[in-house]
Structures are given as structure tokens and as C-alpha cells.
Amino acid sequence: MFLCDDTAIEFTPQPGAGAPVWRGHAPSGDELKDFAAAAHLAGGRLAAIWGSDERQRGSGFRLHCVFGLDRGHAWVSFDLPADEPSYPDLSGIFSAANRMQRATRDMVGIAADGDDQRPWLRHGAWPADWYPLRHDAVHAAGMGAGFDNLPSDYDFVQVGGEGAHEIPVGPIHAGIIEPGHFRFSVIGERVLRLEQRLGYQHKGVEKLFIGADMAHGARLVGRVSGDSTCAYAWAYADAVEAACGVAAPPRALMLRALMLERERVANHLGDLGALGNDAAFAFGLTQFMRLKEDWLRLNHKLFGHRFMMDRITPGGVAADVDAPALAAMVEQCGVIGGEVKKLRTLYDEHAGLQDRFVTTGVIDAALARELSLTGMAARASGLLLDGRTHRQGYTPPPPYATLGVRPVTDERGDVAARVAVRFDEISESLRLLREIAVGMPSGDTRVAVAPVAGASGLGVIEGWRGEVLVGVQFDKDGKLARAHPHDPSWQIWPALEHAVMKDIVPDFPLINKSFNLSYSGADL
Amino acid sequence: MISISGLLGQAFAILLALVLAPLLSGWVGQCRAWLQNRTAPPLLLPYYQLQKLFHKDVVLAHGASSLFRAAPFVVFGCMVLACAIIPSLSTDLPLAPAADAIALVGVFGLARVFISLAAMDVGTSFGSLGGRREMLIGFLAEPALLMVIFTLAMIAQSTSVATIVETLAHRELVIYPSLAFAGVAFTFVSFAENARVPVDNPATHLELTMIHEAMILEYSGRYLALLEWAASLKLYAYSCLGLALFFPWGIAPGDDLLALVAAIPLLVLKLAIGGALLAGIETINAKVRIFRAPEFLGTAFMLAVLGLLVRLLLESKV
């Protein structure tokens, strides 16, 4: 029995060396909803929702829901009829479902039966009755070509009352950053409500996967959100390997972990600098950017790419490192570790910075659980959620099973906590990198992978921001029938709306940066 | 009496302000970069920016009224007038009777009112946001500045800036403890008034945190150039005022042409040191939460009042 005794869903474990995933099929909408409620009751979280068009394979549409549970992930699918596909609204159980359901409706045309039927990813670039991910959606040259760019009305929730007014921010900002719209309802400087409108980065990535071959899919998935390219590539590789029944050799797994940890350190270094800068402490930015630059240059030297893009592929890795390279890496870990330690003292003892960080943007543990938070954001709210660490009933996938990652958490849930977790994760990753260098097994770095017609798989990787999921499905020709890359930002973006509520307008950029979420990853 | 050398000196002081003000901003920027271990931008960067902006076309918001177009000229004019009546090189300033120290605060206030109104004129949320934050800062900074000036005016028995400076610069050395309080208070006020860290951040791209930058977001072309120039003039004016009041040595008395010439390198040196100190303070500080700014300026006000009390209670026989 997987979760609870009274569910009619039969679960079978997914094969492969990746994170533990159980697959099940809900016979009815009620069963799906019951399972979601049971998962919620058991302290689980919603990890992803997406839809697929199965009409060419003989049925209607299929809804995929992934729940994060103590023992691993439960991937529940639910079949919908071809005509008027509809399923029970899960947002009453998991609030994180809201945007995912709306995006699924925009992309595939299967709708939850809830009240909130506003579009999410569709901004008027295509008509409301045209669904890009249906196989019969016309794929004219240039996606969505031939449609008028319709004005898109969007009903923001209005806040009334004496003195309440709105500040619309974005999607075009004063700095060169990704586009997103933030609608603040404020009284003076105090934020009453924040509502986000995302989707400006929508570029039809999921559509590009359809019909692509496996190798092209690997390149594409590494470009969904460039700052997490290793996490995406690994999640995709896990999904493909699970679907095709192959396992990457131990050396390849170790090299993947090496790259993932290097990606984590690089992003945390950049974010720590940016956090200082957002409090007008530009000294921090310069120092951390220097460290990050050194770090990325070594990436380039070791792997031929500053962000290690396309280095993790299905079946293994496309890059190898020799003993001198590992030695150089270990040496750099020492240097960077020392500098980060000094900078941490500087941040910790800087009264001005701490005044900005402490008690700003608080998400407590209960709220974090309610919002299905994942990754660094969840750990900074005191939730021990890390796919790389052992916990009751859960064994992390290799090579993390043997590396022994020490979990990092902070109970405070404010910006200071997210800063502290980042610092701690840098030291932990530096330690892991040294361990990886010492314990690097010899042997092949890749095995051949042949797509299995009709097979599907799910990969879950603990990226630097949180849990990155990639679900893949092959068609009868061994091409990709559907691939869904899922960024942890989906669940964490709504947390930002809550985090800013007790604070004032000028604190928003700092709170936002403390999460540093991906627009591209969630806009697809 | 208005002398020829006085007129020349006055004209030269204004010209020097117009030239040196962007240079001072460039110097502060350079020092900031060095203190952060960065390669510094060129010293003349502000001039290049002014040149670029003056050559660009103006893009006006649809709702912009004539107030929006007039404000940059008013603000620029106010700053030039302020630079004219602050004795930077010589105390023989024919324009000095135009405004005394209290009116000087009024000139800065006039500029503030216009820029805030212009910011609200086009009706964008950031303009209003910046405008109302600027008024919050302004109404706290002005009383503190006035208290500083009252202390000095009591020492000099005059509210004319030129007379105050002449009194302080050319008397036999007397130590005024009240000046120490007034000096610290003035420094606090200068940081707030010139939109520097820890009150505002002139280098930020985060529109939600801006004060001064939020007000000028809608400006472009020559209007923006004037406002940027006015901002450096304001920094220059405050620097010169601070130097003249608290480090007045070397400022030429009356119509002494030789002393006037000698005052120039000394002023540049003092500005360079002041700019470096400003950059240093900006580098080691983070920006305070906006609701801490009243505490910051409240401290300035309290120190200024302390200075005034010290003057009244301890120095009244001097």
C-alpha cells in the first residue's frame, strides 16, 4: 500500500535509478480528488499538473498530477473524454493547483470545474478556443502565426476602501530583467495585496517538444530556464532512462551530481550578491559576482560551457573530467569557501543589511506547507524538504544516497532565513564537491539509449531553486509525444504574494530577490 | 558696494559650479567603484551623459502639462541660484543679498515642490510614489537644516550666508562646540537631500524602491539632462555649503583677486576629499527601510537642536 488504505488507485514503482516515483491511474474524478485530499492530509504537496492529448492513441485527453509525498512522488493520471473534457478542481485542496490548472486549460483545453476560469499563459496571442498542445492545432510556420494579437482582459482582484489604490509594475521594468506584471494594492506604502500576472515569457516550449527526437528534447529542456539547465537536463535524462529501462553508469551519475552542485553554488553566489545590491549594498554584489565569475570560468574550463549546458544527456554525460581537473576544482572550492566565509561574516554583522533582511517577507512553516512550497524556499521556512537527503522512509537516488547530504533549514522564513540557507547550502555543496572528487568512480560516462515506443517516465531533481520535474512520453515512432518541464517557481510564485503582504512597497524587490524565481521556467 | 572683482568672482563662481558639479558626481562614482574593487568609469562620464541626453529627442507622456515641461528649468534655475549665493570661492558675492540662508532653504524647497508636482503631473504610479516619498523626506530634512542655519546665524549675528562664512573664516581661531553638532546634523541632511545611501540609492534600477529616480522616470532628452545636471549642482551646492560653513579656510575675503585664484585649487581639493568620504560612507552602508528615514532625519534634527542649545547655553558670552 502506497499512501492510504482506502484509495482505489493502484500504484506501481517506476523503474530506473532516479528519484522514487510511483505511478497510478485514477479511475474517476472523485478518486483523484480523494487521493489529493489524502495526500494533503498526509502532509504531501502538489508537485505538478499537466495535460496531454491522447486522441491519436485511442482515448481522449489525459490529466497528469504529481504529488510530493514522504516516500517519493506519486504520479497520478486521469483519463478524460474527447468531448468536453473536465475534471474536479484541486485548488481547494492544494492552492498551488490554481495556476497549473489554468495553464493546462490554455494549452490543452481540459478544464477544472472550479470558479477561476481566467486564462494564465494565454495572453491573447491566440484565440480562446484554440489549444496549442492539441495534435490538431494548426502548426503553421511560426507558432500561432495567422492569429490577430487580441487584447486580453484580465480580471485582477480589486481592493476597495478609503485610500486604497493600485500600483501596476511591469511587465517592462526599469532594469534588464525578465518580464512579469505585479499589481499592488496599497495604502500609502503598506501592501494590502499583490497579484501577479505572468506568462509574458511564453514561447511555446512544450509545443516544440512534440515530435522532436530524444536528443533534440535534451537540448531543448536545458533551455527552459537557463539558470537550472543541469537540473532540467538531469530530470529529463532520468525520465527518458526510466521510460527506456536503462541506467546511467555510476561515473555519469557522479558527474551529474558534480554539475548540479556547481550549478547550485553558482546561483547562490549570484543571488547573495544581488540581495546585498537590492539593499543598496553594492559592495556585496561586486564581491559575489567576482566569485561567481571565477566559478563559471572554471565551469568553462572543465566542461567547455559556463553553465554546463548540454553536458547531461540521456544515458549519461557528454563531458568527462580527469584527475588534474578535479584537483583544480577542489582547490577552487577551498578558495571560494574561504572568501564566502568572510563575506558571510560581513553580511551577518552589517547592521543595515540585517535590518532589511530580518522579519522581511515572512512565510511560516504552516503557510509553506499549505502552498506546496519546495526547495530552498521551503527549507528557509523550516520544512525539511530536500530530494538529496535521507529522511524517514525516503532514500535519495544515487549518487546522493551515498554522499550523505546534510539538510539545511531555517525556521524563521524571512529574507534573512533565505540568505542563511543559501550560505549554508554553499558550504554544504562545497563539501559535497570535495567528496565527489574523492569518490569519483571510474568507468564509462554513458550508455546507449534507444527510445521505447509508447513509453513514458518522470524525472525529479532537486535543483538549486527547488524540485525540477520533467515528464516525457514517446510516441509509436520513438519521437517525443509530449514532454512537460515543470519549474519549482510554479509553486513558489504564489508564496511571494503572501510574503509581501505584511511589508511595505520598497521591500518587495528584496523579498522577490530572496526567492529569485524563474519567469521563463514557469511561462514555458 | 559691488566691485568689478566681485562681479567677476560671482560670474566665475557660477561658471565653476556648472563645470565642477558633474565632475564631482563623476568623482564620487569613481570612488564608489574603487571602494567596491571595480574598475571605475571615466571621470568625465557625467559630461558624456549630459551630451548624449542633450542630443536626444524628448519623449513626452500624453498627459504632460506645461508644468511638466517647465519644472526642469525651474529646478535647474533654483540650483544655479543656490550655487551662486553659497560662497564657494569668495565671500564677496553681489548676488548674496538676493537670498539669505533661510531663503536658501526655501530655494531648495521650491525646487522640491516643482519636481514633485511634475512627477505627479503625468499620473504614473511611480511618479506619485516618488513625489510623496520626496515630500516625506523633505519635510523632515528642512527643519533640521534650518536649525543648523540658526545655530550658525547666532554665531555670526546674521542670516546672510556670505556674512556667516566670513565670520567663521576670518575670525581668530575660536572653538565652537555647537558647530560639531551642527556639522553632523548637516551631513545627515545632505545625504537625505541628495538622494544618497542610506536614504535613497542613486544607482538603483528597482523602481519600487526609488525616491528621486522615481520622480524623473518619465523625463527624457534635454529635460532629463537638465534634471541630472541640477542633481549634480545640488550635490555641489550642499558640498560647498558644508565646506564653507565647517571648513571655511581658504575662502577669499572681499575683493582679493589673488586669494580668489588661490581658493580654486583648495576648493577642488576639499571637494575631492569630501566626495571620497561620501563614497566611503555610501559603500559601507545599506539603504535603510523607508520608514527608518524619519528616524535618521529625526536624529539630524535632534543634533541640530542640541547644537542650538549648546550655542545658547554655553557660548552666548563668546
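No lab work stands behind these numbers, since they all come straight from the coordinates. Owing to the predicted nature of the structure, the values given are computational and were not obtained by experimental measurement. Every residue, glycine as well, gets a Cβ built from its backbone with ideal geometry; the counts of neighbours run over all protein chains shown.
Under the Karplus relation 6.51 cos²θ - 1.76 cosθ + 1.60, θ = phi - 60°, what is the ordered set of whole-Hz ³J(HN,Hα) values for the range A:511-524, x standing for Gly and Pro?
Computed from phi, the couplings for the range A:511-524 are 5, 4, 5, 5, 8, 6, 8, 8, 7, 4, x, 9, 8, 6 Hz.
For chain B, which longest stretch is free of loop sites, where a loop site is one of the trypsin sites (Lys or Arg not before Pro) that DSSP puts outside H, G, I, E and B and that has at most 14 other Cβ atoms within 10 Å?
Values: sites that count: B:K56, B:R171, B:K317.
It runs B:172-316.
I'd like to know which of B:L208, B:S178, B:V107 lies farthest towards the positive end of the charge dipole of chain B, counting +1 on Cβ of Lys and Arg and -1 on Cβ of Asp and Glu.
So the residue we want is B:L208.
Taking R0 as 30 Å, what FRET efficiency do you get between B:F291 and A:Q158 from their Cβ-Cβ distance, rounded to the nearest 0.05?
Working: r = 26 Å, r/R0 = 0.88.
Once rounded, the FRET efficiency stands at 0.70.
Sequence gap at least 6, Cα distance under 8 Å: using those rules, report the relative contact order of the range A:335-462 to the nearest whole percent. Display every interim value, and only then the final one.
Working: 128 pairs, mean separation 32.2, N = 128.
Worked out over the range A:335-462, it gives 25 percent.
Counting partner chain Cβ atoms within 10 Å of every residue's Cβ in B:276-288, what's the average?
Values: counts 0, 0, 0, 0, 0, 0, 4, 4, 4, 8, 18, 10, 5.
Mean partner shielding for this stretch: 4.
Using θ = phi - 60° and the Karplus relation 6.51 cos²θ - 1.76 cosθ + 1.60, list the HN-Hα couplings for the range A:322-339 in order, rounded to whole Hz, with x at every Gly or Pro.
Once θ is set to phi - 60°, the couplings for the range A:322-339 become 9, 4, x, 5, 5, 5, 4, 5, 4, 4, 5, 4, x, 5, 4, x, x, 5 Hz.
Charges only on Cβ, +1 for Lys and Arg, -1 for Asp and Glu: so what's the dipole of the protein assembly as shown about the Cα centre, in debye to the nearest 20?
Numbers: 70 positive and 85 negative charges, 354 e Å.
So the magnitude is around 1700 debye.
Gain in length, A:A351 to A:D70, computed as 0.36 nm per residue apart minus the alpha-carbon separation, to one decimal in nm? Mind dumping the intermediate values first?
Working: separation 281, 0.36 × 281 = 101.16 nm, distance 3.94 nm.
Roughly 97.2 nm would be gained on extension.
Taking 51 Å as R0, compute the FRET efficiency from the Cβ-Cβ separation of A:D115 and B:V58 and round it to 0.05. Spell out each step's value before the answer.
Values: r = 48 Å, r/R0 = 0.94.
Efficiency computed from Cβ-Cβ geometry: 0.60.
With the crude spin-label approximation of a point 7 Å out along Cα→Cβ, what separation in nm comes out for A:H216 versus B:A40?
A separation of 5.5 nm, rounded to one decimal place.
Once the dipole of the protein assembly as shown is set up with Lys and Arg at +1 and Asp and Glu at -1 on Cβ about the Cα centre, which of A:G170, A:G124, A:L80 lies farthest towards its positive end?
Value computed over the given set: A:G170.
Using the Cα centre of chain B as the reference point, and only Cβ charges (+1 on K/R, -1 on D/E), how large is the resulting charge dipole? Debye, rounded to the nearest 20. Can you show the working numbers first?
On the way: 18 positive and 19 negative charges, 117 e Å.
So the magnitude is around 560 debye.
Loop only per DSSP, at most 14 neighbouring Cβ atoms within 10 Å: give me the chymotrypsin sites (Phe, Trp or Tyr not before Pro) in the range B:212-289, ordered by residue number.
Values: sites: B:Y219, B:Y223, B:W229, B:Y236, B:Y238, B:F246, B:W249; in loops: B:Y219, B:W249.
Here the sparse-neighbourhood loop sites are B:W249.
Nothing charged except the Cβ atoms of Lys and Arg (+1) and of Asp and Glu (-1): what's the magnitude of the dipole of the range B:209-318 about its Cα centre? Round to the nearest 20 debye. Numbers along the way, then the final one.
Values: 8 positive and 8 negative charges, 58 e Å.
Computed about the Cα centre, the dipole is about 280 debye.
How large is the helix-only mean residue ellipticity at 222 nm for the protein assembly as shown, computed as the sum of -39500 (n - 2.57) over DSSP H runs with n ≥ 4, divided by its residue count, in deg cm²/dmol to the nearest 500? Kindly include the intermediate steps, with their values, before the conclusion.
Numbers: 27 runs with 424 residues, N = 842.
When only DSSP H runs of four or more count, the value is -16500 deg cm²/dmol.
In whole angstrom, how long is each semi-axis of the equivalent ellipsoid of the range A:205-523, when you take the square root of 5 times every eigenvalue of its Cα gyration tensor and sort them from largest down?
On the way: eigenvalues 209, 108, 56 Å².
Gyration-tensor ellipsoid for the range A:205-523: 32, 23, 17 Å.
With unit charges on the beta carbon (Lys/Arg positive, Asp/Glu negative), name the residue among B:N285, B:G250, B:L67 whose Cα is farthest towards the positive pole of the charge dipole of chain B.
B:N285
DSSP beta bridges in the range A:1-123, what fraction antiparallel, as a percent rounded to 5? Could the numbers behind the result be given before it?
Working: 20 of 28 bridges.
Percent antiparallel among DSSP bridges in the range A:1-123 is about 70.
Which percentage, to the nearest 5, of the DSSP beta bridges contained in the protein assembly as shown is antiparallel? Display every interim value, and only then the final one.
Details: 51 of 60 bridges.
Restricted to the protein assembly as shown, the bridges split so that about 85 percent are antiparallel.
Count charges around B:E134 for me, please; just the other residues with Cβ under 15 Å from its Cβ, Lys/Arg as +1, Asp/Glu as -1. Kindly include the intermediate steps, with their values, before the conclusion.
Values: positive: B:R112, B:R132, B:R133, B:R196, B:K234; negative: A:E189, B:D121, B:E142, B:E193, B:D200, B:E207, B:E213, B:E218.
Net of charged neighbours comes to -3.
For the range B:4-314, what's the relative contact order in percent, using C-alpha pairs closer than 8 Å and at least 6 residues apart? Display every interim value, and only then the final one.
Numbers: 496 pairs, mean separation 97.3, N = 311.
Computed over the range B:4-314, the figure is 31 percent.
Where in the range A:364-385 does the amide nitrogen come within less than 19 Å of the point 7 Å from the Cα of A:E411, taken along Cα to Cβ?
A:364-370, A:377-385
Using modelled amide H (1.01 Å from N, peptide plane; none on Pro or chain starts), what sits under 5 Å from the amide H of A:W22, excluding residues fewer than 5 places away?
A:Q14, A:H73, A:A74, A:W75
From the phi of every residue in the range B:17-34, what ³J(HN,Hα) in whole Hz does the Karplus formula 6.51 cos²θ - 1.76 cosθ + 1.60 yield, where θ is phi - 60° and glycine or proline is x?
Each residue's phi maps through the Karplus curve to give 4, 4, 7, 6, 4, x, 5, 4, 4, x, 5, 4, x, 5, 4, 4, 4, 4 Hz.
Using a ≥ b ≥ c from the Cα gyration tensor of the range A:433-524 (square roots of the eigenvalues), is it rounded, prolate or oblate, where a/c under 1.5 gives rounded and otherwise the larger of a/b and b/c decides, a/b for prolate?
Numbers: a/c = 4.47, a/b = 1.59, b/c = 2.81.
Cα axes put the range A:433-524 in the oblate bin.
For the range B:202-318, what class follows from the C-alpha gyration tensor (a ≥ b ≥ c being the square roots of its eigenvalues): rounded when a/c is under 1.5, otherwise prolate if a/b is larger than b/c, else oblate? Walk me through the numbers before you get to the answer.
Details: a/c = 2.34, a/b = 1.24, b/c = 1.88.
The shape class here is oblate.
Decide, for the range B:180-255, between rounded, prolate and oblate: order the square roots of the alpha carbon gyration tensor eigenvalues as a ≥ b ≥ c, take rounded if a/c falls under 1.5, and otherwise choose prolate if a/b is larger than b/c, else oblate.
Details: a/c = 4.52, a/b = 1.66, b/c = 2.72.
Note, shape of the range B:180-255 comes out oblate.
Spin-label point model (7 Å from Cα, Cβ direction): what's the B:F247 to B:L15 distance in nm?
2.6 nm
Give me a single rounded figure for B:199-206: the average over its residues of other chain Cβ atoms within 10 Å of their Cβ. Could you put the intermediate results ahead of the total?
Details: counts 1, 1, 6, 1, 3, 7, 8, 14.
That average works out to 5.
What is the Cα centroid distance between the range B:276-315 and the range A:346-389, reported in whole angstrom?
One Cα centre to the other: 34 Å.
Simple spin-label model, 7 Å along Cα-to-Cβ: A:A366 to B:Y48 in nm?
5.7 nm
Before anything else, pin down the relative contact order of the range A:205-523: Cα pairs under 8 Å, at least 6 apart, normalised by residue count, whole percent.
Details: 611 pairs, mean separation 92.8, N = 319.
Reported relative contact order: 29 percent.
Filter A:K292/A:K479; B:K234/B:K287; A:K479/A:K513; B:K52/B:K234; A:K502/B:K287; A:K341/A:K502 down to the pairs with a C-alpha to C-alpha distance above 29 Å, please. Walk me through the intermediate numbers first.
Details: A:K292/A:K479 38 Å; B:K234/B:K287 20 Å; A:K479/A:K513 39 Å; B:K52/B:K234 21 Å; A:K502/B:K287 20 Å; A:K341/A:K502 32 Å.
Pairs exceeding the cut-off: A:K292/A:K479; A:K479/A:K513; A:K341/A:K502.
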